[in-house]
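A quick write-up on the structure given underneath.
The values are calculated or read from the model by the stated rules, or taken from the named source; none is laboratory data. Computed from a predicted structure; not experimentally measured. Cβ: placed from backbone, ideal geometry, glycine included. Neighbour counts: every protein chain shown.
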C-alpha cells in the first residue's frame, strides 16, 4: 500500500511526523491510501487510539483526508506540498512572465518615507503598552474604507493579506470546517486553508467574480466561510461588478452566520470601482494590502471588520508578535499622505499591457481574461504541453495547476514588466503553444 516507505513511531506525534516527512519528501504521493488504523496499530505495536490520534493530527494539519469506510489517504494537494512547488524553473535566457510580481519601476522610493518614520521614532519611541496601530494610519485607512463603501469597524494592521486571513479564520473556525474559495484562485490561499486544518470548497469565477449559484451551493452544503477577491483577482484579473455584488449579497443574506473575508490587494493598482460585500453577514473582515502598490517587502496590510472579529484578531496578535512595527506603519502612512503612488497612472500602465496582450491573443484566435491587476489568464486544452512548449520558445509562464482545484486548465501570464515590443512575440508563442484545439472553458 505504501510502496517501500515504512511509517514509524510509538506516540501519535511521532507517527504523524513520520507520515508528514514522507509526504514532504514525495515518498507518499497525493491520493495514496494509508493503512487502516487497526492494521497500522498492530504493525507498530501500539494502541489503535494512538494511530487514531496521529491521523487526527494529520487531518488537522491538512496532510490527509478521511472518507468514512474508504479510509484515509494523502490529500490531492497536501499542505506539506505547497503549490509554490508547481512552478517552472526559469533557465538563463528565458523571459520570466510567471512571477506575479509588480513592476519595480512603478513602485515608490521608500528611503524618504522610512527616514521620516525613524526620525519620528527617535522623538517618540514606541514602547510596550503603546497603541498597536498608528493613530493617524487609522484615520487615513478609515477615510479610504469609507470612500469605497466598506462598513464602519475597528482598524487593525497585520503582515500582509494572508496573515490577516489566517488570523480571521482561526478566530472563528475549528479544524475540519469548510471554507469556500475562488477557483481558479490565489495559490497561496489554496495552500493556507488546508494547512490550518480546514477544508476547501471551490467556487467558480468569471470576469465579474464568484458565481452566485456556486456560492449558494457551497454555503447550503455547510461551508462556514467565504473568501472573495474584489479586484485584481489572482490569477484571472476578475472584478466583482455591481450586479454580481448584489447577487452575492442576496445569497449571503440567507446565510448570516457565514464568515465573509474580502481581499482587496488590488487597491492602488486598479482604477475600477470596488463593490464591497462587507456587512452582509454577522462576522466579516476586509483586508487591504500594500504589497502590489508599494512593495511586497513592506509586509503591511490594514484591515477592518465587525468588532468581535477584529478584537479576536488583535487580541491574538498581542499574545504573539505584539504589534506590527509602528516605524513601518508610519512609513506607509507617509507614502499614502504624500501621494507616492498615483493609482490612476499605475492602473493605466498595467491596463495598457494587459489589454495589448489580450488583443494580440484575440487576433490569433486565443481567448484570454484580465480585467484588472497584473496577470492575464489563458484557458488552454493541454496545460502541461502549453507550459513546456512556451518554455522551449523562451517564455516561462505559470502553470494553472498552481491556482486550480476543479476549474479547467489554464496558464497565467504576468504582464507587469512586459515591454510593447514583447507583446506580439509572446502572443505568437502562446498561439503556437496552445494550438487549434478549443479549451474547455473558463470555469
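Matching residues to (1) on the phi < 0 side of the Ramachandran plot; (2) modelled with pLDDT of 95 or more; (3) crowded, with 18+ Cβ neighbours inside 10 Å; (4) outside any helix (DSSP H, G or I):
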residue	(1), (2), (3), (4)
389	yes, no, no, no
422	yes, yes, no, no
436	yes, no, no, yes
441	no, no, no, yes
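When every residue of the range 11-28 is checked against the conditions, none turns out to be in contact (Cβ under 8 Å) with a residue 40 or more places away in the chain, surrounded by fewer than 17 Cβ atoms within 10 Å (Cβ to Cβ), within 18 Å of residue 76 (Cα to Cα) and more than 27 Å from the chain's Cα centre (by Cα). From the list 298, 219, the lone residue that is within 24 Å of residue 110 (Cβ to Cβ) and either modelled with pLDDT of 95 or more or surrounded by fewer than 23 Cβ atoms within 10 Å (Cβ to Cβ) (or both) is 298.
Here is a check on your reading of the model: is residue 380 in contact with a helix residue (DSSP H, G or I) (Cβ under 6 Å, 6 or more places away or on another chain), free of Cβ contacts under 8 Å to residues at least 60 places away in the same chain and not assigned by TED's automatic domain parsing to the domain that holds residue 271? Yes, satisfied.
Those strands (runs of 3 or more DSSP E) of the range 146-226 in which at least 3 residues are more than 30 Å from residue 16 (Cβ to Cβ), considering only elements entirely within it, cover 155-158, 199-206. Among the conditions (1) over 22 Å from the mean Cα position of the chain (by Cα); (2) at pLDDT 95 or above; (3) in the same structural domain as residue 230 (by TED's automatic domain parsing), residue 348 misses just one, which is (3). Annotation: residue 4 fulfils all but one of (1) closer than 21 Å to residue 70 by Cα; (2) over 32 Å from the mean Cα position of the chain (by Cα); the unmet one is (1). Only residues that are surrounded by 13 or more Cβ atoms within 10 Å (Cβ to Cβ) and not in a helix (DSSP H, G or I): list them for the range 307-361, please. Residues satisfying the conditions are 321, 323, 324, 325, 340, 341, 342. Among the conditions (1) more than 28 Å from residue 271 (Cβ to Cβ); (2) more than 25 Å from the chain's Cα centre (by Cα); (3) surrounded by fewer than 19 Cβ atoms within 10 Å (Cβ to Cβ), the only one that residue 405 does not satisfy is (2). Residues that are in contact with a helix residue (DSSP H, G or I) (Cβ under 7 Å, 6 or more places away or on another chain), surrounded by 12 or more Cβ atoms within 10 Å (Cβ to Cβ) and farther than 28 Å from residue 192 by Cα are absent from the range 141-152.
Scanning the range 362-383 for residues that are assigned to a helix (DSSP H, G or I) and under 23 Å from residue 205 (Cα atoms) yields a count of 2.
Screening the candidates 75, 38 for the property of being in contact with a helix residue (DSSP H, G or I) (Cβ under 7 Å, 6 or more places away or on another chain) and closer than 19 Å to residue 193 by Cα yields one hit, 75. Looking across 97, 126, 90, 133, one residue alone is more than 23 Å from residue 414 (Cβ to Cβ) and touching a strand residue (DSSP E or B) at 6+ places or on another chain (Cβ under 7 Å). It is 133.
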